[in-house]
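Worksheet: one structure, shown below.
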Amino acid sequence: AQRVTQPEKLLSVFKGAPVELKCNYSYSGSPELFWYVQYSRQRLQLLLRHISRESIKGFTADLNKGETSFHLKKPFAQEEDSAMYYCALRGGGSNYQLIWGAGTKLIIKP
Amino acid sequence: DSGVTQTPKHLITATGQRVTLRCSPRSGDLSVYWYQQSLDQGLQFLIQYYNGEERAKGNILERFSAQQFPDLHSELNLSSLELGDSALYFCASSVEGAGVAGELFFGEGSRLTVL
């Protein structure tokens with residue numbers, strides 16, 4: 001079955017410390033993985049997708065097919081990174097449905 | 001604003017009542033998705049419409065129904081409301097087609113409180 005697991009409901013780190021939000025998935029084919037973010041009082045929005053191999057706001061995420069993971073990382077956390085982060089998976093073919101993780105609330109302490 | 005718009009932003013009603021939530025997708029987007037976000041829970045996919053037709057169904061209760069109209073706006077109808085239906089209901093839209101990477105554009109949500 002397709003599944004996305006974000007094991008941490010809440011992650012709290014100090015400003016300037018490295019951040020890693022974990023995402024593990026279960027999917028038999030070649031999935032597309034995404035990270036979405038919801039800042040306070042803002043819409044949920046796409047942060048990055050694995051196929052773009054981009055760094056957005058200092059965040060990167062590498063798809064590790066061996067470990068079936070897509071962890072989100074940032075070397076130095078900033079207070080404005082505090083938000084809710086969701087990992088999502090899209091299966092292949094014509095199925096455009098996203099499978100969502102439960103989300104991780106990231107709090108950056110000053 | 002050419003983004004996804006949802007109305008109403010807030011709604012307070014009583015158990016047993018019926019409400020309708022409305023969503024206008026981004027210009028040009030044919031797909032509309034409805035999600036429920038309850039307290040301490042992630043996004044629960046309810047239903048998706050594509051160009052007026054139901055495309056996929058998630059964990060949508062029988063008391064809930066939705067439709068997408070010819071102008072592509074969508075409505076989510078919630079009936080016989082229970083306390084547990086209190087949640088934030090999100091609408092999202094997307095462009096679909098070959099090569100699309102699956103980005104969803106979300107509305108600000110409609111917060112439903114059932115008393």
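I'm trying to understand the selection: among the residues of the range A:26-59, which are more than 14 Å from chain B (Cβ to nearest Cβ) and under 14 Å from A:Y86 (Cα atoms)? Scanning the range A:26-59 gives a single hit, A:F59.
The condition (being at pLDDT below 90 and not acidic (D, E)) is satisfied by just one residue among A:Q42, A:Q38: A:Q42. Output yes when any residue across the range A:7-18 is buried (at least 18 other Cβ atoms within 10 Å of the Cβ) and under 12 Å from the mean Cα position of the chain (by Cα), and no when none is. No, every residue in the range A:7-18 fails to be buried (at least 18 other Cβ atoms within 10 Å of the Cβ) and under 12 Å from the mean Cα position of the chain (by Cα). Across the range A:32-50, a minimum of one residue is classified as among the charged types (D, E, K, R), out of contact with any Phe, Trp or Tyr (no Cβ under 8 Å at 6 or more places or on another chain), under 27 Å from B:S31 (Cα atoms) and not in a strand (DSSP E or B). When the residues of the range A:60-104 are filtered to those that are among the aromatic types (F, W, Y) and open to solvent by less than 70 Å² (accessible area, probe 1.4 Å), the one that is farthest from the other protein chains (Cβ to nearest Cβ) is A:F70. Tell me yes or no: at least one residue of the range A:33-48 is open to solvent by 70 Å² or more (accessible area, probe 1.4 Å) and more than 26 Å from B:L46 (Cα to Cα). The answer is no, given that none of the residues of the range A:33-48 is open to solvent by 70 Å² or more (accessible area, probe 1.4 Å) and more than 26 Å from B:L46 (Cα to Cα).
In the set (1) within 9 Å of chain B (Cβ to nearest Cβ); (2) of a type outside the set (D, E, K, R); (3) part of a strand (DSSP E or B); (4) open to solvent by 50 Å² or more (accessible area, probe 1.4 Å), A:I107 fails one condition alone, (1).
If you filter the range B:1-28 down to residues that are part of a loop (DSSP other than H, G, I, E, B) and within 12 Å of chain A (Cβ to nearest Cβ), you find that the one that is nearest to B:G84 (Cα to Cα) is B:K9.
Screening the candidates B:Q67, B:Q36, B:Q44 for the property of being at pLDDT below 90, in a strand (DSSP E or B) and open to solvent by 20 Å² or more (accessible area, probe 1.4 Å) yields one hit, B:Q44.
Of the residues making up the range B:52-59, one or more are free of Cβ contacts under 8 Å to residues at least 60 places away in the same chain, at the interface with chain A (Cβ under 9 Å from one of its Cβ atoms) and among the charged types (D, E, K, R).
The values are calculated or read from the model by the stated rules, or taken from the named source; none is laboratory data. Note that the coordinates shown come from a computational prediction; the quantities given were computed from them, not determined experimentally. Note: ideal-geometry Cβ built from the backbone for every residue, glycine included; neighbour counts use all protein chains shown. The area values use the complete protein model at the heavy-atom level, side chains included, leaving out ligands, DNA and RNA. Shrake-Rupley method; radii C 1.70, N 1.55, O 1.52, S 1.80 Å.
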